[in-house]
Amino acid sequence: MKTRGESRLGRVIGQQVHHEQIPAQKSSTTGIKPMARSTFVTRYFMRIVSWAERLNLALSKVGNPPIYDKTIFPWTHAIERRAIRTELERVLTRKEELPGFHELSVDAASITRDRGWKSFILAGYGFRSANNINLCPQTWTICQNIPGLISVMYSIMEPGKHLPPHRGP
């Protein structure tokens, strides 16, 4: 507690002045880009996305839980068959050759920039990979029976890989 005559920087005791230690600033903004306000077009587009997400949630037959109960989807039993795992294990023998997810989708670069998250795509982003479908024919056949499915891929994460909270398909 300060007494009469003390300053923030020190106090006189007898003839000696004792100064409080003020810690040096340790943070730095070197290399950090300044934050910029989103453009009008970006803000307008994000409003449309937000509206579409609210509409999707309002009209969803199954809600939007973080994890769905597999019993509400009748096709989950077929996905859990050993055949898909066998095909995945074959793909994993060449895991080092697979591209990082951020190399396939520029949107993913905002949440990952290393090769700890890889993807083996059979179909998605508007194309089909005949080579990958030929390597995993049972996976492809099983997934063709999932109503409304657009993308078919193995998403492969290395042990310890962490993704920040995000939204995506």
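The values are calculated or read from the model by the stated rules, or taken from the named source; none is laboratory data. Fair warning: this is a prediction, and the values are worked out from it, not measured in the lab. Neighbour counts are summed over all protein chains in view; Cβ atoms, including those assigned to glycine, are modelled from backbone coordinates with ideal geometry. Remember, those area values only see protein heavy atoms, side chains included, never the ligands or the DNA or RNA. Shrake-Rupley method; radii C 1.70, N 1.55, O 1.52, S 1.80 Å.
With a requirement of 3 or more residues that are loosely packed, with under 12 Cβ neighbours inside 10 Å, the helices (runs of 4 or more DSSP H) lying completely within segment 69-169 that satisfy it span 82-92, 130-135.
Could we say that Pro65 is at pLDDT below 90 and closer than 30 Å to Pro147 by Cβ here? It is true that Pro65 is at pLDDT below 90 and closer than 30 Å to Pro147 by Cβ.
Among the residues making up segment 123-146, those that are free of Cβ contacts under 8 Å to residues at least 60 places away in the same chain, more than 13 Å from Ile84 (Cα to Cα) and not polar (S, T, N, Q) are Ala123, Gly124, Tyr125, Gly126, Phe127, Arg128, Ala130.
Taking segment 42-68 as the range and being of a type outside the set (D, E, K, R), assigned to a helix (DSSP H, G or I), open to solvent by 80 Å² or more (accessible area, probe 1.4 Å) and under 20 Å from Pro165 (Cβ atoms) as the test, the residues that pass are Met46, Asn56, Leu57.
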